[in-house]
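Some notes on the structure that comes next.
Bear in mind that the values in this text are calculations on the coordinates, not laboratory data. Quick caveat, the model's predicted, so the values are computed rather than measured. As a convention, Cβ positions derive from the backbone with ideal geometry for all residues, glycine included, and neighbour counts pool all protein chains shown.
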Amino acid sequence: MNNVLHFAWLVPFFPLLGFLVNGLGRNKLSKSAVGVVGCGAVLLSFLVSVWIFLQVKGGNTYVAEYFPFINSADFKIPFAFQIDQLSSLFLLIITGIGFLIHLYSTAYMHEENSAHFARFFAYLNLFVFSMLLLVMGANYVVMFIGWEGVGLCSYLLIGYWFGNDAYNYAAKKAFVMNRIGDLGFLLAIFWMLAKLGTVSYGAVFSQAAELTTADATIIAILLFVGAMGKSAQIPLYTWLPDAMAGPTPVSALIHAATMVTAGIYMIARSNVLYSLSEVAQHLVAIVGLATALFAATIAIKQNDIKKVLAYSTVSQLGYMFLGLGVGAYTGAVFHVMTHAFFKALLFLGAGSVIHAMHHEQDIRKMGGLKKKLPITHLTFLLGCIAIAGMPPFSGFFSKDEILAAAYAHNPIYWGLGVAGAAMTAFYMFRLYATTFFGEFRGTHEQEHHVHESPSAMTIPLMVLALLSVVGGFIGIPEVFAKDAHALHHFLSPVLVTEQAHTMEHSTEYMLMGISVAIAAIAILYAINKFSKKPELGEPAGLGNVLANKWYVDELYDAVVVKPLHGLSVVLKNVVERSGIDGLVNGTGKLVHYGSRQLRLLQSGQVGAYLLAMILSIVVFMLVWFNDGTIMNLLNKIVK
Amino acid sequence: MIPVLLIAIPLAAGLLSFFLRAGNSSRTLVTLSALASLALALWALSAPQAQLQHHAAWLPSLGSSFDVQMDGMAKMLVLLTAIAFPVVYVSTAKNNYASPNQFFALMSLTQAGLVGVFVAADGLLFYFFWELALIPVYFLCSQWGGERRIAVTFKFFIYTFVGSLLMLVALLYLYFQTPDHSFAIQSFYKLKLSAAQQGWTFWLIFIAFAIKMPVFPFHTWQPDTYEQSPTAVTMILSGVMVKMGIYAVIRWLVPIFPAAVAQYDQIIIIAAVIGMLYASLIAIRQDDIKRLIAYSSIAHIGLMCAAIFTKNQAGMEGVMIQMFNHGVNVLGLWIVADVIEQQLGTRKFSELGGLAKKAPVMAILLVVMALANVSLPLTNAFIGEFLMFNGLFRYNVTIAAVAGISIILAAVYTLNMVQKVLYGASNERTDAATDISANAQWMLVVLVIMIIAFGVYPQPMIELTKDSVQAVLAIK
Amino acid sequence: MPINYYIFLAMALFSIGVIGVLTRRNAIIIFMCIELMLNAVNLLLVAFSKMHHGAAVAADAASQVGVDGQLFVFFIMVVAAAEVSVGLAIIVMMYRNVHSVDINFLNRLKN
């Protein structure tokens, strides 16, 4: 109680309050009141987060226990928050970007009627609350609470327009796929409880050395399964592109900036466990790299502005996992941060375009928007440059850090990573050029109505653009300036010491040069190719396969969904009805049949009954006294 | 004295209700008696031990006495019963029944029987109340049920009656084995039966309880009965009465047959886990909201049954609180199912849809209930399932992992239900829908508050049942 | 008089009763045959009672042995009287309804 950080509960408290006010008062509050409550709640928790961050920066970290959550005989799980470097950084990202997106939403969602408007903000606040629980929890169970909570909010927000069945399916798909990962997470928790008897971070990490390598590997892999679901990695990534059914601010906040990075947070948090298991690290790196490349290939051929960004998110998440897998924990967290800036920016920019185009999302029907949406255009361009990794934009620093670590680990990782980066640059500028350059290809009516968005939307864009540009400077690599990596210093207490960079400075300069040059070539090629002659036709050959996302959804449908439904129908109609029920009803029928036969004995002839009675008495006596008693008796009487 | 009153009040109200002419007065009477029981049950939570037991001669020549007592588990289940009945009466207050006095009389008798089962500490008394709870249900189903009620009640009757007979045989056998020829539970606990004797007696009793829970493959009466019974009865059946089976396993089976439990635990756990997956899979393709809830309930009960036989302390604690929480959650689901059926005249998903637009309050409440059904954290079901899965995990990692698949399947079928009932476009039928009535709404709000409260702070319930858990596990 | 005579008489009466019940279809005659069987039993009871009592009194003048046998007889007579009244009432009702006292006429319950 003595520590001022005990008041950290205020951070999730405000969004929770906002959720309750907006949720319960949805029919009474006006739209502006809803907006003030929704944004204000997140702003307040942002302010508290800043205060917490300053406290932590001053060296004050704290584990705040509030009440016992599950006090079983075997283990004790408190409801507790852990305020340290990692969580305070995430608090800033979540509440800061969260606030900007809330602000943006007040304008973006303005067409909704007030009850639905309030519902939207209630969900968003609930999401922020859950996300804060996720990063603030001081043990894996509290993290799991937030983990499932954000999954729920994601479900609710993807299916926000519930009148559309396709959206509802997307929402359900997201929830179920996340659940698959959650099972892994849950099993990891049980494994920890069984081996260590605790799930509190401090206790787990200090006792982790006692684990056998096998146990550490299993726990790490199970946790990673959870992360695969939440952070959309192969093979559980297909829900994220579909999740774009939700309103665009949701895509920006949940499906780009915050929720999907929960998996990164989890593994960064558990870095002690991962450093104990090389197998798990390799797995993380390989899955991350594979996802980064795979998703990037798909993004090349997508024509929906949000789908491109979605696959880009999957791909960037892959980079983060690559970073985690090669031990560059700081780099991964750094990339989470910069990615949150520029991907939120890109999504909000896309939202601004969609808003201007009256809910048109197909880039083939856009074009020439550069003049009409000047602010959106400029900020979007800055975002594209940042994600392509051009120096000195933020994406360059974080991506470079991951790639450098990958090179130190295995040059092939680096090579593939650079290939992915080139594809990223290519598809982003394909998107940019097709949308903003060339002729306007929409309908006449759309052309008439295209306008720059209101300031509630452009201000967040500008703030995020600024952050995307300068955000990288908190992590300047050692090669440029000694001890300039502020983030690394800040996070070092919670992350295990990474492998020292044994690389020559010259090598590092060369690597940077190569990756930047390749990306720059890809950018120029894309702009050149698509600004005048965008791809408008249907793709053929490999392009068709890519446009259809390698047919992975169809594969899952054929391998998992259809057989499951088939099995369900067989169990329902055959096993249940004919098998078990047949047995029971068969018993019933047998009794029925037997009684119908026995009924014939009841002829109604009293004489027959009497005869039967007497005969049975006689038989009974003969059997009962079969030792000759009766004969003795008769003999006695006759004598 | 409290347990006696808890039995006597609904018993008296039920008997009296038979003689009331007006339907409304019998409804008022049983509701008042249920509320009085609720007050008593709440009071029992903090009452001194002396008031929680009662001993009176009943059939001394048979070695059976009217012996009732309440420990933590009994208090909790009695409380569940006492909560369930007022909730049922109030939330279905709009439903009309033919000869309501008999309907409510039978309901009230069921309540007396249920409380009796939970507090009885004598084998014969236990059997007596077990039947007292079941017999009114036969009449309730066969008189007030749906179209196929006769066939379904017949099936229900056969199942439960066979179970009861097996149990009676086993109880009598135990009775003759006791040195002092007594039905008292303590005499049963002290019995030292050989492994062979335990073997077959164990199965006789287990089958009786397995039918009641129900556990795969003894479950097929349940979906039919839930579907065909009037919803008020279904609520009691699934909210409270299935807990009879679980309760009985903990109180009358595990402590009496330790050797048989140790021998057969694996078979039962595997059967229960198969049942969980089996029921979950069937639930995926259900088109009827009542049948879906029934199969979902079978899956949840399977987990409880498996967790009991792990004999793990955390798992057992999970079973205890899940008995209560499952009752609360499933009551809520039934209330919504009833509201939909009463208002729209259908339970088929294919004929529903778009209700979120027409009935937003009901939509919110149903979503919360659905979330509790998929045991999302911060709902009450999470705590129980977490502890039970943990127990199962300690028992065998593979079995726990396989059982865990049901978590995923639960999400699939529950969200299916939510989607098909609430979302999508509305049709001709659902266009006419209005929002939920105030009665049902307030009852659901009460349940939602319990769901959240026990989901955030489950500690009181774990403390309440701690004594029962330790008592069960202490018997070797 | 030896006890055997009583036994033979009772057996004969009982057998007549059984045969009468089995062969006759008239409800009243069946009824009388049942009475006959009851009285055969009564006769035996009295005879054995007397025999045991006589033997016991010879040893101890105050003995009560065998008295209960005669008590049974009174019981049976009371019960038989009650049975006769109910049974005859049933037969009268039956006759009023179906104009017959033939027992085979009353087999409609089987359907």
Per-residue average of other protein chain Cβ atoms inside 10 Å, peptide A:170-177 -> 3
Highest to lowest packing among A:297-306, B:242-251, A:551-560, B:444-453, scored as the average C-beta count within 10 Å:
B:242-251, A:297-306, B:444-453, A:551-560
Karplus ³J(HN,Hα) for the range A:291-298 (6.51 cos²θ - 1.76 cosθ + 1.60, θ = phi - 60°; Hz, whole; x = Gly/Pro) runs 5, 4, 6, 4, 5, 5, 4, 5
Working from Cα positions, state the angle (0 to 90°, nearest 10) between the long axis of helix A:10-24 and the longest principal axis of chain A.
70
Considering just Cα atoms, how many Å³ per residue does the convex hull of the range A:283-537 enclose?
112
Enclosed volume per residue, in Å³, of the convex hull spanned by Cα atoms of the range B:1-70
77
Packing rank of A:535-544, A:36-45, A:512-521, A:584-593, where each peptide gets the mean count of other beta carbons within 10 Å, highest leading:
A:36-45, A:512-521, A:584-593, A:535-544
Across the residues of A:70-79, average count of Cβ atoms on other protein chains within 10 Å?
6
Can you compute the modelled spin-label distance between A:H359 and B:A22, with each label point 7 Å from Cα toward Cβ, in nm?
5.5
Could you quote the convex hull projected area for the range A:548-602, Cα atoms only and averaged over all directions, in nm²?
4.0
Quick one: check the C-alpha center-to-center distance for the range B:198-215 versus the range A:564-587, whole angstrom.
23
What FRET efficiency would be calculated for the residue pair B:L473, A:L600, taking the C-beta separation as r and a Förster radius of 45 Å, to the nearest 0.05?
0.20
Placing each pseudo-label 7 Å from Cα in the direction of the beta carbon, B:Q342 and A:L54 end up separated by a distance in nanometres of 5.8
I'd like the chymotrypsin sites (Phe, Trp or Tyr not before Pro) in the range B:158-241 restricted to DSSP loop residues with at most 12 other Cβ atoms within 10 Å, sorted by number.
none
Largest first and to the nearest Å, give the Cα extent of the protein assembly as shown along each principal axis.
141, 65, 54
With +1 at each Lys and Arg Cβ and -1 at each Asp and Glu Cβ, the charge dipole magnitude of the protein assembly as shown around its Cα centre, to the nearest 20 debye, comes out at 2140
Part-to-part distance (alpha-carbon centres) for the range B:135-189 and the range A:1-39, which is given in Å
54
Hey, can you rank A:14-25, A:254-265 by average C-beta count inside 10 Å, highest first?
A:254-265, A:14-25
In debye to the nearest 20, the charge dipole size for chain A, taken about the Cα centre with +1 at each Lys and Arg Cβ and -1 at each Asp and Glu Cβ, equals 1660
Report the Rg/Rh value for chain B, based on alpha-carbon coordinates and the Kirkwood definition of Rh.
0.95
Considering every residue in B:396-402, what mean count of other chain Cβ atoms within 10 Å of its Cβ is obtained?
2
Run a plain Debye calculation on chain A (Cα atoms as equal point scatterers, no solvent) and give log10 I(q)/I(0) at q = 0.06, 0.07, 0.09, 0.11 Å⁻¹, rounded to two decimals, same order as the q list.
-0.38, -0.47, -0.73, -1.07
Against the longest principal axis of chain A, how steep is helix A:581-599, in degrees 0 to 90 to the nearest 10, with axes from Cα atoms?
20
So for the pair A:N544, B:W43, with labels modelled 7 Å out along Cα→Cβ, what separation do we get in nm?
8.0
Can you return the lysines within cross-link range of A:K370? Criterion is Cα-Cα under 29 Å, with same-chain partners fewer than 8 residues away left out.
A:K301, A:K306, A:K307, A:K343, A:K399, A:K529, A:K532, A:K533
Given only helices, namely DSSP H runs of n ≥ 4 each adding -39500 (n - 2.57), what is the per-residue ellipticity at 222 nm of the protein assembly as shown, to the nearest 500 deg cm²/dmol?
-24000 deg cm²/dmol
Per DSSP, the loop-located GluC sites (Glu not before Pro) within the range A:385-456 having at most 12 other beta carbons within 10 Å are A:E439
Cβ-based charge dipole, chain A, positive-most Cα from A:L24, A:I93, A:G367
A:L24
What is the Cα centroid distance between the range A:336-413 and the range A:62-127, reported in whole angstrom?
26
Set the Förster distance to 41 Å, then compute FRET efficiency between C:A80 and C:A58 from the Cβ-Cβ distance, nearest 0.05.
0.80
Spread of Cα-to-Cα distances over 5 Å intervals beginning at zero, given as percent, for the range C:37-111:
3, 14, 15, 13, 11, 10, 9, 7, 6, 5, 4, 3, 0
Cβ-based net charge around A:G389, under 10 Å, with every Lys or Arg adding one and every Asp or Glu removing one
0
What angle, in degrees between 0 and 90 and rounded to the nearest 10, separates the Cα long axis of helix A:305-325 from the longest principal axis of the Cα atoms of chain A?
90
If R0 = 22 Å, then B:E463 and A:A194, at their Cβ-Cβ distance, give a FRET efficiency to the nearest 0.05 of 0.35
Normalised alpha carbon radius of gyration of the range B:353-476 [divisor 2.2 N^0.38 Å]:
1.35
Cα-based Rg of the range B:1-256 normalised by 2.2 N^0.38 Å, two decimals
1.00
